[in-house]
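Report on the following structure.
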Ligand code: F6R
(Lines give C-alpha, C1' and ligand atoms only; values in the text may rest on other atoms or scores of the structure.)
Protein backbone atom coordinates (compact mmCIF):
# COMPACT_ATOMS: atom_id res chain seq x y z
CA UNK A 1 0.00 0.00 0.00
CA UNK A 2 0.83 3.65 0.11
CA UNK A 3 1.81 3.52 3.81
CA UNK A 4 -0.01 6.73 4.65
CA UNK A 5 1.15 8.74 1.63
CA UNK A 6 -1.49 10.19 -0.71
CA UNK A 7 0.31 8.82 -3.74
CA UNK A 8 2.81 6.14 -4.58
CA UNK A 9 4.90 8.83 -6.21
CA UNK A 10 5.38 10.66 -2.92
CA UNK A 11 6.07 7.41 -1.11
CA UNK A 12 8.68 6.50 -3.69
CA UNK A 13 10.31 9.94 -3.47
CA UNK A 14 10.63 9.37 0.27
CA UNK A 15 12.01 5.86 -0.26
CA UNK A 16 15.07 7.22 -2.03
CA UNK A 17 17.46 7.22 0.95
CA UNK A 18 16.69 3.53 1.39
CA UNK A 19 16.88 2.80 -2.34
CA UNK A 20 20.33 4.38 -2.55
CA UNK A 21 21.58 2.34 0.40
CA UNK A 22 20.36 -0.82 -1.30
CA UNK A 23 21.98 0.20 -4.58
CA UNK A 24 25.32 0.68 -2.83
CA UNK A 25 25.18 -2.43 -0.66
CA UNK A 26 28.46 -4.38 -1.00
CA UNK A 27 29.71 -2.36 -3.95
CA UNK A 28 32.05 0.37 -2.60
CA UNK A 29 34.97 -1.39 -0.88
CA UNK A 30 36.35 0.04 2.33
CA UNK A 31 39.70 -1.71 2.16
CA UNK A 32 41.04 -0.25 -1.09
CA UNK A 33 38.49 2.45 -1.98
CA UNK A 34 37.52 0.63 -5.15
CA UNK A 35 34.08 -0.32 -6.38
CA UNK A 36 33.20 -3.89 -7.22
CA UNK A 37 30.10 -5.02 -8.98
CA UNK A 38 29.99 -8.77 -8.43
CA UNK A 39 27.82 -9.45 -11.47
CA UNK A 40 30.37 -7.76 -13.72
CA UNK A 41 33.63 -9.19 -12.37
CA UNK A 42 34.93 -10.38 -15.75
CA UNK A 43 33.76 -7.42 -17.85
CA UNK A 44 36.60 -6.30 -20.13
CA UNK A 45 37.29 -2.59 -20.55
CA UNK A 46 35.44 -1.58 -23.73
CA UNK A 47 36.81 0.74 -26.43
CA UNK A 48 33.61 2.77 -26.31
CA UNK A 49 30.20 2.72 -24.71
CA UNK A 50 26.79 3.40 -26.21
CA UNK A 51 23.89 3.91 -23.85
CA UNK A 52 20.43 3.18 -25.24
CA UNK A 53 17.39 4.27 -23.25
CA UNK A 54 14.12 6.23 -23.24
CA UNK A 55 12.64 9.02 -21.15
CA UNK A 56 13.99 9.27 -17.63
CA UNK A 57 16.39 6.40 -18.26
CA UNK A 58 17.79 8.39 -21.17
CA UNK A 59 18.50 11.27 -18.79
CA UNK A 60 20.38 8.89 -16.49
CA UNK A 61 22.30 7.72 -19.57
CA UNK A 62 23.24 11.29 -20.53
CA UNK A 63 24.62 11.71 -17.03
CA UNK A 64 26.55 8.45 -17.24
CA UNK A 65 28.03 9.14 -20.64
CA UNK A 66 29.55 12.37 -19.35
CA UNK A 67 31.06 10.54 -16.40
CA UNK A 68 32.58 7.81 -18.58
CA UNK A 69 34.02 10.38 -20.97
CA UNK A 70 35.60 12.29 -18.10
CA UNK A 71 37.09 9.01 -16.91
CA UNK A 72 38.59 8.22 -20.28
CA UNK A 73 36.14 6.00 -22.17
CA UNK A 74 34.33 7.56 -25.13
CA UNK A 75 30.62 7.21 -24.35
CA UNK A 76 27.44 8.47 -25.98
CA UNK A 77 23.80 8.34 -24.92
CA UNK A 78 21.27 7.51 -27.63
CA UNK A 79 17.50 7.56 -27.57
CA UNK A 80 16.82 3.85 -28.01
CA UNK A 81 14.27 4.64 -30.72
CA UNK A 82 16.99 6.45 -32.71
CA UNK A 83 19.67 3.79 -32.34
CA UNK A 84 20.41 2.65 -35.86
CA UNK A 85 23.30 0.19 -36.08
CA UNK A 86 23.58 0.76 -39.85
CA UNK A 87 24.28 4.46 -39.35
CA UNK A 88 26.28 4.36 -36.10
CA UNK A 89 29.69 2.64 -35.88
CA UNK A 90 29.20 -0.24 -33.47
CA UNK A 91 31.37 -3.36 -33.30
CA UNK A 92 32.80 -6.03 -30.97
CA UNK A 93 34.79 -3.41 -29.09
CA UNK A 94 31.61 -1.49 -28.25
CA UNK A 95 29.67 -2.10 -25.05
CA UNK A 96 26.00 -1.25 -25.52
CA UNK A 97 24.33 -0.52 -22.20
CA UNK A 98 20.54 -0.61 -22.07
CA UNK A 99 19.33 1.49 -19.16
CA UNK A 100 15.75 0.50 -18.42
CA UNK A 101 13.87 0.50 -15.13
CA UNK A 102 11.24 -2.00 -16.25
CA UNK A 103 13.49 -4.01 -18.53
CA UNK A 104 10.52 -4.25 -20.89
CA UNK A 105 10.66 -1.04 -22.95
CA UNK A 106 10.27 -2.13 -26.58
CA UNK A 107 12.54 0.52 -28.07
CA UNK A 108 15.35 -0.32 -25.67
CA UNK A 109 15.00 -4.07 -26.20
CA UNK A 110 15.08 -3.55 -29.98
CA UNK A 111 18.26 -1.45 -29.77
CA UNK A 112 19.94 -4.09 -27.59
CA UNK A 113 18.95 -6.87 -30.00
CA UNK A 114 20.33 -4.93 -32.97
CA UNK A 115 23.56 -4.27 -31.10
CA UNK A 116 23.93 -7.96 -30.32
CA UNK A 117 23.39 -8.87 -33.98
CA UNK A 118 26.35 -6.77 -35.05
CA UNK A 119 28.56 -8.33 -32.37
CA UNK A 120 28.60 -5.69 -29.65
CA UNK A 121 28.72 -6.67 -26.00
CA UNK A 122 25.48 -5.90 -24.18
CA UNK A 123 24.72 -4.97 -20.60
CA UNK A 124 21.35 -4.21 -19.00
CA UNK A 125 21.14 -1.80 -16.08
CA UNK A 126 17.67 -2.52 -14.77
CA UNK A 127 15.46 -2.68 -11.70
CA UNK A 128 13.47 -5.78 -12.56
CA UNK A 129 14.98 -9.18 -11.90
CA UNK A 130 14.28 -11.59 -14.73
CA UNK A 131 12.97 -8.87 -17.07
CA UNK A 132 13.41 -9.23 -20.83
CA UNK A 133 16.41 -6.87 -20.81
CA UNK A 134 18.00 -8.90 -18.01
CA UNK A 135 17.47 -12.17 -19.87
CA UNK A 136 18.52 -11.07 -23.33
CA UNK A 137 21.80 -9.27 -22.60
CA UNK A 138 25.27 -10.70 -21.94
CA UNK A 139 25.33 -9.19 -18.46
CA UNK A 140 23.08 -7.40 -16.04
CA UNK A 141 23.57 -4.91 -13.22
CA UNK A 142 20.60 -4.42 -10.90
CA UNK A 143 19.84 -1.01 -9.47
CA UNK A 144 17.88 -2.55 -6.52
CA UNK A 145 15.44 0.34 -6.10
CA UNK A 146 12.55 -1.94 -5.17
CA UNK A 147 9.16 -1.91 -6.95
CA UNK A 148 8.09 1.44 -8.39
CA UNK A 149 4.31 1.74 -8.76
CA UNK A 150 3.91 5.39 -9.74
CA UNK A 151 4.11 5.82 -13.50
CA UNK A 152 6.58 8.69 -13.09
CA UNK A 153 10.07 7.38 -12.47
CA UNK A 154 11.48 8.81 -9.23
CA UNK A 155 13.54 6.59 -6.97
CA UNK A 156 14.64 4.51 -9.93
CA UNK A 157 16.23 7.58 -11.53
CA UNK A 158 18.26 8.20 -8.37
CA UNK A 159 19.29 4.56 -8.25
CA UNK A 160 20.16 4.51 -11.94
CA UNK A 161 22.47 7.48 -11.49
CA UNK A 162 24.13 5.95 -8.43
CA UNK A 163 24.48 2.57 -10.17
CA UNK A 164 25.95 4.15 -13.29
CA UNK A 165 28.36 6.26 -11.24
CA UNK A 166 29.58 3.04 -9.60
CA UNK A 167 29.71 1.29 -12.97
CA UNK A 168 31.99 4.02 -14.29
CA UNK A 169 34.35 3.54 -11.35
CA UNK A 170 34.31 -0.24 -11.73
CA UNK A 171 34.98 -0.20 -15.48
CA UNK A 172 37.56 2.59 -15.61
CA UNK A 173 39.23 1.80 -12.30
CA UNK A 174 39.04 5.49 -11.37
CA UNK A 175 37.86 5.90 -7.85
CA UNK A 176 39.03 7.59 -4.69
CA UNK A 177 38.35 7.62 -1.01
CA UNK A 178 36.52 10.93 -1.50
CA UNK A 179 34.23 9.52 -4.19
CA UNK A 180 33.36 6.45 -2.12
CA UNK A 181 32.69 8.62 0.93
CA UNK A 182 30.51 10.94 -1.15
CA UNK A 183 28.49 7.99 -2.48
CA UNK A 184 27.99 6.69 1.04
CA UNK A 185 26.84 10.09 2.29
CA UNK A 186 24.13 10.42 -0.37
CA UNK A 187 21.47 8.54 1.52
CA UNK A 188 21.58 10.77 4.61
CA UNK A 189 21.89 13.87 2.45
CA UNK A 190 18.74 12.91 0.55
CA UNK A 191 16.99 12.41 3.86
CA UNK A 192 17.98 15.91 4.97
CA UNK A 193 16.54 17.37 1.75
CA UNK A 194 13.29 15.47 2.27
CA UNK A 195 13.09 16.67 5.88
CA UNK A 196 13.72 20.37 5.12
CA UNK A 197 12.50 21.10 1.61
CA UNK A 198 10.39 24.18 0.99
CA UNK A 199 9.33 22.79 -2.42
CA UNK A 200 5.69 22.60 -1.33
CA UNK A 201 5.48 26.34 -0.56
CA UNK A 202 7.23 27.17 -3.82
CA UNK A 203 4.83 24.94 -5.77
CA UNK A 204 1.90 26.70 -4.15
CA UNK A 205 3.26 30.13 -4.98
CA UNK A 206 3.88 29.31 -8.64
CA UNK A 207 1.10 26.83 -9.42
CA UNK A 208 -0.61 29.25 -11.84
CA UNK A 209 2.45 29.89 -13.97
CA UNK A 210 2.38 29.65 -17.78
CA UNK A 211 5.43 27.40 -17.95
CA UNK A 212 8.41 26.16 -15.95
CA UNK A 213 12.01 26.22 -17.15
CA UNK A 214 14.88 24.19 -15.78
CA UNK A 215 18.49 25.01 -16.66
CA UNK A 216 21.80 23.43 -15.71
CA UNK A 217 25.28 22.83 -17.06
CA UNK A 218 27.60 19.87 -17.12
CA UNK A 219 26.53 17.12 -14.76
CA UNK A 220 23.38 19.08 -13.93
CA UNK A 221 22.16 19.44 -17.52
CA UNK A 222 20.42 16.02 -17.64
CA UNK A 223 18.59 16.85 -14.40
CA UNK A 224 17.26 20.02 -16.00
CA UNK A 225 15.69 17.83 -18.70
CA UNK A 226 14.41 15.38 -16.11
CA UNK A 227 12.87 18.16 -14.01
CA UNK A 228 10.89 19.33 -17.02
CA UNK A 229 9.82 15.82 -18.04
CA UNK A 230 8.49 15.13 -14.55
CA UNK A 231 6.60 18.42 -14.45
CA UNK A 232 4.93 17.72 -17.82
CA UNK A 233 4.00 14.15 -17.03
CA UNK A 234 2.25 14.67 -13.76
CA UNK A 235 1.04 18.29 -13.80
CA UNK A 236 0.26 18.59 -17.57
CA UNK A 237 1.87 22.02 -17.46
CA UNK A 238 4.28 23.32 -20.06
CA UNK A 239 7.83 22.75 -18.93
CA UNK A 240 11.19 22.71 -20.66
CA UNK A 241 14.67 21.85 -19.59
CA UNK A 242 17.88 22.64 -21.39
CA UNK A 243 21.60 23.10 -20.97
CA UNK A 244 21.80 26.65 -19.62
CA UNK A 245 24.02 27.86 -22.45
CA UNK A 246 21.24 27.15 -24.95
CA UNK A 247 18.88 29.58 -23.24
CA UNK A 248 19.87 32.58 -25.32
CA UNK A 249 19.68 30.60 -28.57
CA UNK A 250 15.89 30.56 -28.61
CA UNK A 251 14.08 29.58 -25.40
CA UNK A 252 14.78 32.99 -23.86
CA UNK A 253 12.01 34.36 -26.09
CA UNK A 254 9.52 32.42 -23.94
CA UNK A 255 10.75 33.81 -20.63
CA UNK A 256 8.38 36.26 -18.91
CA UNK A 257 7.31 37.15 -15.38
CA UNK A 258 4.88 34.19 -15.67
CA UNK A 259 7.57 31.56 -16.29
CA UNK A 260 9.55 30.59 -13.19
CA UNK A 261 13.08 29.44 -13.97
CA UNK A 262 14.89 26.82 -11.88
CA UNK A 263 18.68 27.16 -12.28
CA UNK A 264 20.68 24.20 -10.98
CA UNK A 265 23.66 25.97 -9.52
CA UNK A 266 26.67 24.26 -8.00
CA UNK A 267 29.90 25.82 -6.77
CA UNK A 268 32.00 24.40 -9.58
CA UNK A 269 33.64 25.58 -12.80
CA UNK A 270 30.23 26.52 -14.25
CA UNK A 271 29.23 28.80 -11.39
CA UNK A 272 29.95 32.17 -13.03
CA UNK A 273 28.31 31.17 -16.27
CA UNK A 274 25.22 30.03 -14.41
CA UNK A 275 25.09 33.37 -12.59
CA UNK A 276 25.15 35.00 -16.03
CA UNK A 277 22.19 32.87 -17.11
CA UNK A 278 20.29 33.77 -13.96
CA UNK A 279 20.78 37.45 -14.73
CA UNK A 280 19.48 36.88 -18.28
CA UNK A 281 16.17 35.53 -17.04
CA UNK A 282 15.89 37.84 -14.07
CA UNK A 283 16.12 40.91 -16.30
CA UNK A 284 13.07 39.54 -18.20
CA UNK A 285 11.17 39.45 -14.93
CA UNK A 286 11.13 35.67 -14.44
CA UNK A 287 10.92 34.39 -10.89
CA UNK A 288 14.15 32.56 -10.08
CA UNK A 289 14.16 29.50 -7.84
CA UNK A 290 17.77 28.39 -7.46
CA UNK A 291 18.53 24.80 -6.54
CA UNK A 292 21.98 25.12 -5.08
CA UNK A 293 24.75 24.04 -2.73
CA UNK A 294 26.24 27.54 -2.83
CA UNK A 295 25.70 29.87 0.08
CA UNK A 296 27.34 32.98 -1.30
CA UNK A 297 25.78 35.49 -3.68
CA UNK A 298 22.72 33.43 -4.56
CA UNK A 299 20.22 34.99 -2.20
CA UNK A 300 20.17 38.47 -3.81
CA UNK A 301 19.80 36.95 -7.28
CA UNK A 302 17.15 34.37 -6.57
CA UNK A 303 13.58 34.81 -5.36
CA UNK A 304 13.82 31.47 -3.59
CA UNK A 305 16.52 28.96 -2.81
CA UNK A 306 16.12 25.20 -2.60
CA UNK A 307 19.23 23.96 -0.84
CA UNK A 308 21.19 20.79 -1.32
CA UNK A 309 24.10 19.62 0.81
CA UNK A 310 27.62 19.74 -0.62
CA UNK A 311 28.77 16.59 -2.37
CA UNK A 312 31.26 15.48 -5.00
CA UNK A 313 30.67 17.61 -8.14
CA UNK A 314 29.85 14.41 -10.07
CA UNK A 315 27.04 13.48 -7.68
CA UNK A 316 25.18 16.79 -7.37
CA UNK A 317 22.48 15.80 -9.89
CA UNK A 318 21.33 12.98 -7.62
CA UNK A 319 20.57 15.47 -4.86
CA UNK A 320 19.31 18.31 -7.07
CA UNK A 321 16.70 16.06 -8.59
CA UNK A 322 15.04 15.37 -5.23
CA UNK A 323 14.07 19.05 -4.93
CA UNK A 324 12.70 19.05 -8.49
CA UNK A 325 10.66 15.90 -7.88
CA UNK A 326 9.05 17.56 -4.89
CA UNK A 327 8.24 20.76 -6.80
CA UNK A 328 6.55 18.79 -9.59
CA UNK A 329 4.71 16.58 -7.15
CA UNK A 330 3.28 19.53 -5.21
CA UNK A 331 2.30 21.45 -8.33
CA UNK A 332 0.44 18.36 -9.62
CA UNK A 333 -1.06 17.77 -6.19
CA UNK A 334 -2.42 21.32 -6.02
CA UNK A 335 -3.91 20.86 -9.50
CA UNK A 336 -5.51 17.61 -8.32
CA UNK A 337 -3.95 15.56 -11.10
CA UNK A 338 -3.98 11.80 -11.40
CA UNK A 339 -0.40 11.69 -10.15
CA UNK A 340 0.23 7.96 -10.04
CA UNK A 341 -1.45 7.30 -13.40
CA UNK A 342 -1.11 10.36 -15.61
CA UNK A 343 -3.37 10.49 -18.68
CA UNK A 344 -2.04 8.80 -21.84
CA UNK A 345 0.95 7.21 -20.09
CA UNK A 346 1.85 3.64 -19.13
CA UNK A 347 4.49 2.36 -16.72
CA UNK A 348 6.15 0.22 -19.33
CA UNK A 349 5.94 1.05 -22.99
CA UNK A 350 5.95 -2.27 -24.81
CA UNK A 351 5.39 -0.99 -28.35
CA UNK A 352 8.00 0.64 -30.58
C1 LIG B 1 9.20 9.11 -16.91
C2 LIG B 1 9.09 7.70 -17.25
C3 LIG B 1 9.42 7.26 -18.64
C4 LIG B 1 10.34 6.06 -18.58
C5 LIG B 1 10.58 5.48 -19.99
C6 LIG B 1 11.59 4.35 -19.97
O7 LIG B 1 8.84 9.35 -15.59
O8 LIG B 1 8.76 6.90 -16.42
O9 LIG B 1 9.98 8.31 -19.39
O10 LIG B 1 11.55 6.48 -18.01
O11 LIG B 1 9.36 5.03 -20.52
O12 LIG B 1 11.16 3.31 -19.14
P13 LIG B 1 12.16 2.18 -18.67
O14 LIG B 1 13.18 2.81 -17.82
O15 LIG B 1 11.30 1.19 -17.94
O16 LIG B 1 12.78 1.61 -19.90
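The values are calculated or read from the model by the stated rules, or taken from the named source; none is laboratory data. Remember, predicted model here, so these are calculated numbers, not experimental data. Using ideal geometry, Cβ is built from the backbone for each residue, glycine included, and neighbour counts are taken over all protein chains shown.
For this structure, a couple of remarks:
- Criterion violated by residue 81 - all others in (1) more than 20 Å from residue 42 (Cβ to Cβ); (2) within 14 Å of the ligand (Cβ to nearest atom); (3) surrounded by 19 or more Cβ atoms within 10 Å (Cβ to Cβ); (4) within 20 Å of the chain's Cα centre (by Cα) satisfied: (3)
- Tally, over the stretch 86-103, of residues that are touching a helix residue (DSSP H, G or I) at 6+ places or on another chain (Cβ under 7 Å) and within 16 Å of the ligand (Cβ to nearest atom): 6
Condition check ((1) within 13 Å of the chain's Cα centre (by Cα); (2) modelled with pLDDT under 95; (3) assigned to a helix (DSSP H, G or I)) across all residues:
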site	(1), (2), (3)
51	no, no, no
56	yes, no, yes
61	yes, no, yes
76	no, no, no
86	no, yes, no
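- Just so you know, in the stretch 47-56 the residues that are farther than 16 Å from residue 166 by Cα and touching a strand residue (DSSP E or B) at 6+ places or on another chain (Cβ under 8 Å) include one that is farthest from the ligand (Cβ to nearest atom), and it is 47.
- Of residues in the stretch 84-109 being surrounded by fewer than 16 Cβ atoms within 10 Å (Cβ to Cβ) and out of contact with any strand residue (DSSP E or B) (no Cβ under 8 Å at 6 or more places or on another chain), the one nearest to residue 141 (Cα to Cα): 91
- One residue from 136, 148 being at pLDDT 95 or above, within 14 Å of the ligand (Cβ to nearest atom) and either under 27 Å from residue 84 (Cα atoms) or within 15 Å of the chain's Cα centre (by Cα) (or both): 136
- Counted residues, the stretch 110-123 - those being surrounded by 19 or more Cβ atoms within 10 Å (Cβ to Cβ) and part of a loop (DSSP other than H, G, I, E, B): 1
- Hits in the stretch 31-48 (condition: assigned to a loop (DSSP other than H, G, I, E, B) and either surrounded by 15 or more Cβ atoms within 10 Å (Cβ to Cβ) or touching a helix residue (DSSP H, G or I) at 6+ places or on another chain (Cβ under 8 Å) (or both)): 33, 34, 36, 37, 43, 45, 46
- Inter-residue pairs, beta-carbon under 7 Å, first closer than 17 Å to residue 135 by Cβ and touching a residue at least 12 places away in the same chain (Cβ under 8 Å) and in the stretch 90-113, second part of a loop (DSSP other than H, G, I, E, B) and away from the ligand (no atom under 15 Å from the Cβ), 6+ apart: 96/90; 96/120
- Boolean, residue 321 is under 24 Å from residue 128 (Cα atoms) and free of Cβ contacts under 8 Å to residues at least 24 places away in the same chain: no
- In the stretch 18-27, the count of residues that are assigned to a loop (DSSP other than H, G, I, E, B), free of Cβ contacts under 8 Å to residues at least 24 places away in the same chain and exposed (fewer than 15 other Cβ atoms within 10 Å of the Cβ) is one or more.
- Which numbered condition residue 264 fails, given (1) in a loop (DSSP other than H, G, I, E, B); (2) within 21 Å of residue 155 (Cα to Cα); (3) modelled with pLDDT of 95 or more: (1)
- Criterion violated by residue 131 - all others in (1) away from the ligand (no atom under 12 Å from the Cβ); (2) out of contact with any helix residue (DSSP H, G or I) (no Cβ under 9 Å at 6 or more places or on another chain); (3) free of Cβ contacts under 8 Å to residues at least 40 places away in the same chain satisfied: (1)
- Residue match in the stretch 165-183 (condition: within 16 Å of the ligand (Cβ to nearest atom) and closer than 30 Å to residue 339 by Cβ): no
- Total residues in the stretch 303-329, condition under 23 Å from residue 259 (Cα atoms) and either surrounded by fewer than 21 Cβ atoms within 10 Å (Cβ to Cβ) or at pLDDT below 95 (or both): 4
- Failed item, numbered, when residue 238 is tested on (1) buried (at least 23 other Cβ atoms within 10 Å of the Cβ); (2) free of Cβ contacts under 8 Å to residues at least 60 places away in the same chain; (3) farther than 27 Å from residue 68 by Cβ: (1)
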